[in-house]
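The values are calculated or read from the model by the stated rules, or taken from the named source; none is laboratory data. The structure presented is a predicted model; accordingly, all values stated were derived computationally and were not measured. Neighbour counts are summed over all protein chains in view; Cβ atoms, including those assigned to glycine, are modelled from backbone coordinates with ideal geometry.
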Amino acid sequence: MENAIIKAVTQAEDECRKLQEDALVEKERIIHEAKEKTKSMEKDFENFKKDKLRQLNDDSKLKNDEEMKKAVEDAKKEIEELRNIVKEKEQGAISLVISCVA
C-alpha cells in the first residue's frame, strides 16, 4: 500500500513537472510569436507611413502642376490681351500718321 502511495505521489510529481515544462515551452512560444508579430506590425506601420508620405508628395506635385498650368494659361491670356492692345495702338498710330499726311 505504501509503495502504491509513493508511486502515485511520484507519478503526480512527474506529471506536475511535465505540465510546468509544457507551460514554460508554451510561454516561450507565445513570447516569441508576440515579438515576431510586433516586428511585423512595426514594419507594416513604417511601410504605411512611407506610402502616405509618397501619396502626399504625389498629391502636392499634382496640385503644384495644376497650379503651374493655370498660371501659364493665365499668362498666355494676359500676353494675348497685351498683343491686342498693342495692335490697336499701332492701328491708331497708323491712322493718325495717314490723317496727318493726307
- Please tell me if SER99 is surrounded by 10 or more Cβ atoms within 10 Å (Cβ to Cβ) and without any contact (Cβ under 8 Å) to a residue 12 or more places away in the chain. no
- Message: Every residue in the range 54-72 that is under 15 Å from the mean Cα position of the chain (by Cα) and among the small types (Gly, Ala, Ser), please.
- Response: SER60
- Message: Condition check: within 36 Å of the chain's Cα centre (by Cα) and of a type in the set (Asp, Glu). Does ASP51 satisfy that?
- Response: yes
- Does ILE30 count as exposed (fewer than 10 other Cβ atoms within 10 Å of the Cβ) and part of a helix (DSSP H, G or I)? no
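A quick yes/no check of all residues on (1) acidic (Asp, Glu); (2) modelled with pLDDT under 95; (3) at negative phi; (4) touching a strand residue (DSSP E or B) at 6+ places or on another chain (Cβ under 7 Å):
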| residue | (1), (2), (3), (4) |
| --- | --- |
| ASP14 | yes, yes, yes, no |
| GLU42 | yes, no, yes, no |
| ASN47 | no, no, yes, no |
| ASP58 | yes, yes, yes, no |
| LYS61 | no, yes, yes, no |
| LYS77 | no, no, yes, no |
| LYS87 | no, yes, yes, no |
| GLU90 | yes, yes, yes, no |
